[in-house]
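J.: Below you will find the structure I want to go over with you.
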Amino acid sequence: MKKVLVITYYWPPSGGAGVQRWLKFVKYLRLYEWEPVIYTPSNPEFPEADQSLLKDVPPDLTILTKPVWEPYHLYKRLTGRKKEEKIQAGFLSEKKSNPFLERISVWIRGNLFIPDARKFWIKPSVRFLTSNLKDNPVDAIISTGPPHSMHMIALGVKENLGVPWLADFRDPWTGIDFYDKLKLSRLADKKHRRLEKNVLSAADCVVTVSKNWAADLNAIFPRKIEVVTNGFDPDDFKESPSVPDEKFSITHIGSLNKDRNPLFLWTTLRDICQENKEFEEDLEIKFIGKTDIAAFEDLEQTGLMKNVTNIPYLAHHEVVIRTSASQVLLLPVNYTPNMKGIIPGKVFEYLAAKRPIICIAPEDGDSAGIIKETGAGYVIGYGNSQLLKKTLLELYGKYKTGGLTIPQGNIDKFSRKLLAGSIAGLLNNIS
């Protein structure tokens with residue numbers, strides 16, 4: 001087999017969305033004659049631990065590790081957080097914080113730690129991997145970001161050894177939804193954009209997860225950008241239950257930050273509850289994963305907190321069970337400038353769960369396209385309360401008569417096993 005080095009910050013036992021894409025690709029790459037080798041920190045700061053993901057790590061996989069120094073202990077001290085508290089991605093806040101201290105910490109994050117807080121791992125990793133690969137050569141390198149420091153490591157190794165390199169953008173760099181919140185100076189913004197262009201120009205292959213994001217990256221540096229979406233692992237759904245929740249459950253899986261908080265959904269649900277007491281008694285709003293305090297504040301104001309079930313974190317195999325049991329699955333896309341290209345990773349597991357999806361997103365965006373193509377649910381544009389109310393009542397009516405099902409569209413192309421073949425094909429092209 002050919003060998004490929006995968007440089008990733010997130011690896012089991014790290015939980016959360018960041019680990020899933022490359023854990024699953026690595027699981028299946030051997031089927032396509034590629035032997036993966038992992039390089040990851042030995043002491044990362046990740047949002048949650050999930051030991052259950054270790055079962056997906058291929059046997060006898062070579063995993064290279066090196067300690068990383070990160071300034072998070074300084075950030076926690078500055079913002080009054082406890083040492084053991086986890087840092088959440090995407091400006092998600094589970095509790096109230098001091099606005100002044102948060103502004104200072106955000107300025108430091110954006111202006112001093114470029115491209116991100118893992119910058120101190122770049123030079124030691126380049127030295128370590130350059131030395132290691134001379135004795136243990138590989139046929140290609142993959143870097144996956146964010147954090148985009150992983151791309152800078154791969155760039156350094158590429159410059160030293162000339163190994164073919166695939167750069168995978170799970171999320172954009174300067175186009176990410178919170179980039180404008182980083183309070184960047186002109187100099188810092190210029191440096192971010194210069195480093196981003198260096199990666200886009202030097203990589204032998206650039207991959208991202210949606211068509212709109214591919215177009216955005218091409219606008220930054222004109223070149224071919226490949227699209228390999230996220231997906232679902234068929235193995236995860238072999239034992240999922242077929243009996244749905246007793247309540248009319250509307251479930252959101254994963255992180256729900258402030259930009260994803262659909263206020264008009266909560267107000268629409270409030271209005272229906274006021275008009276229909278039976279609906280109010282049957283309704284359950286379920287959050288499984290990290291949820292921003294802004295959502296709970298809005299639910300409190302709309303009088304819906306009594307209908308809320310909040311489960312801050314579950315192991316992935318348990319999440320799959322809860323997903324498949326929900327009556328309705330909620331997919332709000334971030335209300336940000338790059339929202340057309342956002343395809344939350346959860347959408348593919350929603351498809352595999354075979355439950356109706358309410359997708360709150362631009363009707364011409366990439367997430368909406370998948371929902372429409374597969375016939376997996378309903379797409380509601382932001383602020384379209386009239387259509388949302390009609391859809392909720394239609395779903396509720398079907399729930400009451402036991403007919404809340406979804407026709408099974410063609411979702412096979414989103415299988416992680418098949419998508420790993422797409423990655424292998426791209427590696428074959430550059431190696």
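The values are calculated or read from the model by the stated rules, or taken from the named source; none is laboratory data. What you see is a predicted model; the values in this text were computed from it and never measured. Every residue, glycine among them, receives a Cβ derived from its backbone with ideal geometry; neighbour counts consider all protein chains shown.
J.: Does the stretch 235-253 include one or more residues that are surrounded by fewer than 21 Cβ atoms within 10 Å (Cβ to Cβ), of a type in the set (Ser, Thr, Tyr), touching a residue at least 40 places away in the same chain (Cβ under 8 Å) and out of contact with any Leu (no Cβ under 7 Å at 6 or more places or on another chain)?
T.: Yes: one or more hits.
J.: Name the residue, out of 286, 306, 277, that is buried (at least 23 other Cβ atoms within 10 Å of the Cβ), basic (Lys, Arg), under 26 Å from residue 402 (Cβ atoms) and modelled with pLDDT of 95 or more.
T.: From the options 286, 306, 277, the qualifying one is 286.
J.: Considering only the stretch 176-199, I want to know if a residue exists there that is in contact (Cβ under 8 Å) with a residue 40 or more places away in the chain, crowded, with 17+ Cβ neighbours inside 10 Å, in contact with a Ser or Thr (Cβ under 7 Å, 6 or more places away or on another chain) and in a loop (DSSP other than H, G, I, E, B).
T.: Among the residues of the stretch 176-199, at least one is in contact (Cβ under 8 Å) with a residue 40 or more places away in the chain, crowded, with 17+ Cβ neighbours inside 10 Å, in contact with a Ser or Thr (Cβ under 7 Å, 6 or more places away or on another chain) and in a loop (DSSP other than H, G, I, E, B), which makes the answer yes.
J.: For the stretch 37-50, which positions are more than 19 Å from the chain's Cα centre (by Cα) and surrounded by fewer than 23 Cβ atoms within 10 Å (Cβ to Cβ)?
T.: Once the filter is applied, which keeps residues that are more than 19 Å from the chain's Cα centre (by Cα) and surrounded by fewer than 23 Cβ atoms within 10 Å (Cβ to Cβ), the stretch 37-50 yields 37, 38, 41, 42, 43.
J.: Sticking with this structure for a sec: Being within 20 Å of residue 196 (Cβ to Cβ), surrounded by fewer than 20 Cβ atoms within 10 Å (Cβ to Cβ) and either at pLDDT below 90 or among the acidic types (Asp, Glu) (or both) is true for just one of 102, 84, 159. Which residue is that?
T.: 159
Here's the yes/no breakdown for (1) small (Gly, Ala, Ser); (2) part of a loop (DSSP other than H, G, I, E, B):
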{"site": "323", "(1), (2)": "no, no"}
{"site": "334", "(1), (2)": "no, yes"}
{"site": "337", "(1), (2)": "no, yes"}
{"site": "350", "(1), (2)": "no, no"}
{"site": "373", "(1), (2)": "no, no"}
{"site": "383", "(1), (2)": "yes, yes"}
{"site": "405", "(1), (2)": "no, yes"}
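J.: Right, next: Any idea which residue in the stretch 27-52 is farthest from residue 70 (Cα to Cα), counting only those that are in contact (Cβ under 8 Å) with a residue 40 or more places away in the chain, in contact with a Phe, Trp or Tyr (Cβ under 9 Å, 6 or more places away or on another chain) and outside any strand (DSSP E or B)? Show your work before the answer.
T.: Of the stretch 27-52, the ones in contact (Cβ under 8 Å) with a residue 40 or more places away in the chain are 27-29, 31-34, 37, 39, 41, 45-48, 50-52.
After this cut, where a residue has to be in contact with a Phe, Trp or Tyr (Cβ under 9 Å, 6 or more places away or on another chain) as well, the list is 39, 41, 45-48, 50.
Right, trim to outside any strand (DSSP E or B) and you get 45-48, 50.
On the way: 45: 8, 46: 12, 47: 14, 48: 17, 50: 21 Å.
So the residue we want is 50.
J.: Let me spell it out: the conditions are (1) surrounded by 15 or more Cβ atoms within 10 Å (Cβ to Cβ); (2) without any contact (Cβ under 8 Å) to a residue 24 or more places away in the chain; (3) assigned to a helix (DSSP H, G or I), and residue 378 meets all of them except one. Which number is the exception?
T.: (3)
J.: Okay, next question. Name the residues in the stretch 378-424 that are out of contact with any Ser or Thr (no Cβ under 8 Å at 6 or more places or on another chain) and either of a type in the set (S, T, N, Q) or at positive phi (or both), would you?
T.: 383, 384, 386, 391, 401, 402, 405, 408, 415, 422
J.: Within the stretch 339-348, restricting attention to residues that are part of a loop (DSSP other than H, G, I, E, B) and touching a helix residue (DSSP H, G or I) at 6+ places or on another chain (Cβ under 6 Å), which residue is nearest to residue 285 (Cα to Cα)?
T.: 345
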